1. Using a simple spin-label model with points 7 Å from Cα along the Cα→Cβ vector, what separation in nm is obtained for residue 141 and residue 94?
2. Filter the trypsin sites (Lys or Arg not before Pro) in the stretch 88-149 down to the DSSP loop ones having no more than 14 other Cβ atoms within 10 Å, then list what survives.
3. Based on the Cβ-Cβ distance from residue 127 to residue 156, what FRET efficiency comes out when R0 is 25 Å, to the nearest 0.05?
4. Report ³J(HN,Hα) in whole Hz for each residue of the stretch 104-118, in order, from the Karplus equation J = 6.51 cos²θ - 1.76 cosθ + 1.60 where θ = phi - 60°; Gly and Pro get x.
5. Once phi is turned into ³J(HN,Hα) by the Karplus curve 6.51 cos²θ - 1.76 cosθ + 1.60 with θ = phi - 60°, what whole-Hz value does each residue of the stretch 136-146 show in order, with x for glycine and proline?
6. Mind listing the long-range amide H neighbours of residue 146? Cut-off is under 5 Å, sequence gap 5 or more, other chains count too, H placed in the peptide plane at 1.01 Å from N.
7. Given Cβ point charges of +1 (Lys, Arg) and -1 (Asp, Glu) and nothing else, what value in debye, to the nearest 20, does the dipole of the stretch 139-196 about its Cα centre take?
Amino acid sequence: MTSSENGSEQGPVIRDKRKIDPETGQARKTAAEQGQEKKDEQPGGGAQAASAPADAQIADLLAERTADLQRVQAEFSNYRKRVERDKALVREQAVGGVLYELLPVLDDIGRAREHGELVGGFAKVAELLESTLTKLGLSAYGKKGEPFDPTVHEALAHSYSPDVTEPTCVEILQLGYRYGERILRPARVAVAEPPPEPAPEAPSGAPEGGEAGRPDAAEPGDAAASPADTEPGAPSGEQN
């Protein structure tokens, strides 16, 4: 039996030591690098131990950035609300100023209507103006017989009347106007209030005054004689 038949002889061994993989075209890793990768892949390896502090740092940074974003968002929301409030206030002041300047025109229209002079095209223009101002929020107030309120009324005349039980507007001298909750001009009115109650009368049996009504007042003739009125030598009393 030959040695080749016993398997003592082996064929040639070919080792591929090329650094570039011909199939992928990428550089091959050395044995040391492959061993390090195996260690990193094991549970509790160096890669996981090194990544734990990095993950904690990333989590802290994420929480910090999230808090900053929430704070900026809240500040922007407050800024937007403040801007909208300021815009509404500026608009209200501007419209209120224009409406206030038009009040004399409305007074003239009211007087013309009372005298029957509001006719023709002038009447249509006046109605259009009044409707437009009403849409903008202007409203007139002041009616005869309503209670007097010093916060919205201005009293130009005062009188007493038994027909009222409280201070009452008995005549509207000039209408008042308000824009929303803002008083542009108070209503000028004449006010009447109940007459004052009469002073209570004195009792009929009571004295009118002076010392005549005092019980201890002495009559003019009942005055006791003074020592100066006693005659000289007259005894002042009985002697024993």
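Quick note: the coordinates plus some simple rules give every number you see, no bench work behind them. This is a predicted model, so every value here is computed, not measured. Reconstructed Cβ throughout: ideal geometry from the backbone, glycine too, with neighbour counts over all protein chains shown.
1. Distance between the two pseudo-spin positions: 2.7 nm.
2. Counting only loop positions with at most 14 other Cβ atoms within 10 Å, the trypsin sites (Lys or Arg not before Pro) in the stretch 88-149 are 143, 144.
3. So the FRET efficiency works out to roughly 0.30.
4. Here the 3J(HN,Hα) series is x, 5, 5, 5, 5, 5, x, 5, 5, 5, 5, 8, x, 9, 8 Hz.
5. Going residue by residue, I get 6, x, 7, 9, 9, 8, x, 10, 5, x, 7 Hz, with x marking Gly and Pro.
6. When sequence neighbours closer than 5 places are left aside, the close amide H contacts are 169.
7. 320 debye
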